[in-house]
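Remarks on the structure that follows.
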Amino acid sequence: MGRPMDDLSRRQFLEGAVRASAAVTAGLGAATAVGASPAASKRRVGANDKIVLGLIGCGGQGASNMRRMMDFPEIQVAALCDVDKSRMPGDIRDVTVKYGKQPELYQDYRKLLERKDIDAVIIGTPDNWHALNLIHAMEAGKDAFCEKPISHDIVEAKAMAGAVKHYNKIVQVGSWQRSTGEFYSAIDYVRSGKLGKIVQARAWRTDDNRPGVHSPQPVPSYFDYDMWVGPATFTPYVPEHTHGQWRWFLNFGCGEAGDWGVHMMDIALLGMSKDQDLVMPVEATTCGGKLAYPDDPRTAPDTTVTIYRFKNPDFVMTWETGRDHVGRDGSGLEWIAADGKSCMAWRGGWMVREPDGKQIPVESIPVPNDHWQNWLDCLKSRQQPRSSLASMAQTTIVCHLSNVSLLAGETVHWSKEKMDIVGRAGKHTGSYGRQYRAPWRLPIYTV
Ligand SMILES: NC(=O)c1ccc[n+]([C@@H]2O[C@H](COP(=O)([O-])OP(=O)(O)OC[C@H]3O[C@@H](n4cnc5c(N)ncnc54)[C@H](O)[C@@H]3O)[C@@H](O)[C@H]2O)c1
């Protein structure tokens, strides 16, 4: 059975918007001062070919994706890359055991991308690196599995979507909720019209993260910390604020909006859309800040409410981060109909309720969580996968608008046609576009 998100017959985000010649303002590899090799691999994967993978970023999620892919007989993992060598031993061991051969090891992903035998890469780096990792992978002729949120800011998201389109590569984003039964069933129910006319959506996440006050430390010899910082603004090495904890610092990550908002708002938006080309808000307003933990060094807000307004269809969506979650899961989303009926979904379940809270019996559609299989299938069929980069660029931009409005302190306006903020409000913020630290620079593929 086809899934709603697999319908690629309709208009896709950006389809036709990228000029065939893609007037790139940064060169095709060669002009990127610190870019990947311009010698892009031309190899296309045949239905029965081995697919050779490299992993960039051997942290929690990158390694988890790699292990999922190692379950498939067609996959061969040939190379691992991490700027911190201390993060690699478990992955080196497992890959060596599986294939009877140690993978090649890299600290600089550009060297990995130079290898002609590598067909595709998994990008599991922190958010500050996704744009360069992905665009350089496209320039080097690779397909990719890129973690969410696709980018650190809006300018990057657009450049990435342009690059994927220009190089015609297959990119799955790690928003695996698109592939699980509870979210699939809820989206299908809402799209079928059974809930009625939807006027409101809400998505939320409880946030209790306090990285704490810690001092800078000497950088260990096995860690290329300057490369870890990459295009972000340089800050001294504080171990407790580095691996895993970068999320709470807007210089590197996007706070809860990019961490969980990108999962939960994605499902809410899919329910309100016909296909992967998502409905986009016309404006976003965020209130909040570091209200609960003002003394913690995190720079991402801990308490926020963002109100998004949509036109055609007309509805409002809220994104909330806070501390309590009484009577509901710590993260989730809900659609509310004009008559007060609602459909709620969270990791592990979904339900439909009358306005008085009484549950309406519903049937779940049993589908396997085949997010990684879907990428593998698409590498062979050359169709864009269920979480295409183009579609997830839209969700990611919606999430960035939450931070943009908070940082700007005013309402920001979005145009789907222009794929940009309308007016000046918000354009000065780091969540709209960051100043790249030299020598790094973002290749701009226009859309
Ligand atoms: N899809 C999901 O459910 C899910 C869950 C968790 C995390 N994620 C995403 O996965 C990504 C990684 O998150 P994580 O929690 O695994 O982070 P992490 O900090 O544990 O791991 C990131 C790894 O990347 C390495 N790295 C940093 N810069 C690099 C570079 N330039 N080249 C090579 N390696 C580099 C780091 O040293 C680290 O080992 C994030 O974008 C995050 O949002 C997705």
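The values are calculated or read from the model by the stated rules, or taken from the named source; none is laboratory data. Just so it is clear, the model here is predicted, and its values are computed rather than measured. Ideal geometry is used to build each Cβ from the backbone, glycine not excepted, and the neighbour counts take in all protein chains shown. Accessible surface areas use protein heavy atoms only, side chains included; no ligands, DNA or RNA. Shrake-Rupley method; radii C 1.70, N 1.55, O 1.52, S 1.80 Å.
In a simple Cβ point-charge model (Lys, Arg +1; Asp, Glu -1; nothing else charged), the chain has a dipole of about 1020 debye relative to its Cα centre. Legend: distances between Cα atoms for LYS169/LYS311; LYS50/LYS116; LYS274/LYS311; LYS311/LYS341; LYS274/LYS416; LYS194/LYS274; pairs beyond 23 Å are LYS169/LYS311. Taking only the C-alpha atoms of region 318-399, the Rg (one decimal) and the largest Cα-Cα distance, Dmax (whole number), read 16.8, 49 Å. Solvent-accessible surface (1.4 Å probe) assigned to ARG328 amounts to roughly 70 Å². Take each peptide in 422-431, 401-410, count the other Cβ atoms within 10 Å of every residue, and average; sorted highest first, the result is 401-410, 422-431. Among 182-189, 275-282, the peptide with the highest mean count of other Cβ atoms within 10 Å heads the list, and the full ranking is 182-189, 275-282.
Remark: accessible surface ordering of CYS146, CYS287 (largest first) is CYS287, CYS146, probe radius 1.4 Å.
Ligands, DNA and RNA aside, THR446 has an accessible area near 40 Å² when probed at 1.4 Å. Backbone N atoms of region 67-86 closer than 16 Å to the 7 Å Cα→Cβ label point of TYR99 belong to residues 67-82.
A convex hull fitted around the alpha carbon atoms of region 228-384 yields 188 Å³ per residue.
Cross-link partners for LYS111 among the aspartates and glutamates, with Cα-Cα distance under 20 Å and sequence neighbours closer than 8 places in the same chain left out: ASP82, ASP84, ASP91, ASP119, GLU139, ASP143, ASP224, ASP226.
For the chain, with all protein chains present and a 1.4 Å probe, just round the carbon and sulfur fraction of the accessible area to a whole percent. Write down the numbers at each step before the final one.
Numbers: 8940 of 17380 Å².
Ligands and nucleic acids excluded, carbon and sulfur give 51 percent.
Taking every protein chain into account, the accessible area of the chain amounts to 39 square angstrom per residue (probe 1.4 Å). Which angle between 0 and 90 degrees, to the nearest 10, do you get for helix 371-381 versus the longest principal axis of the chain when only C-alpha atoms count? Roughly 60 degrees, rounded to the nearest 10. Positive-end ranking of MET160, PHE249, ILE267 along the dipole of the chain, with charges on Cβ about the Cα centre, is headed by MET160. When PHE315, PHE234, PHE72 are compared by accessible area of protein heavy atoms, the largest-first order is PHE234, PHE72, PHE315, using a 1.4 Å probe. In angstrom, the C-alpha Rg and Dmax of the chain are 21.1, 62.
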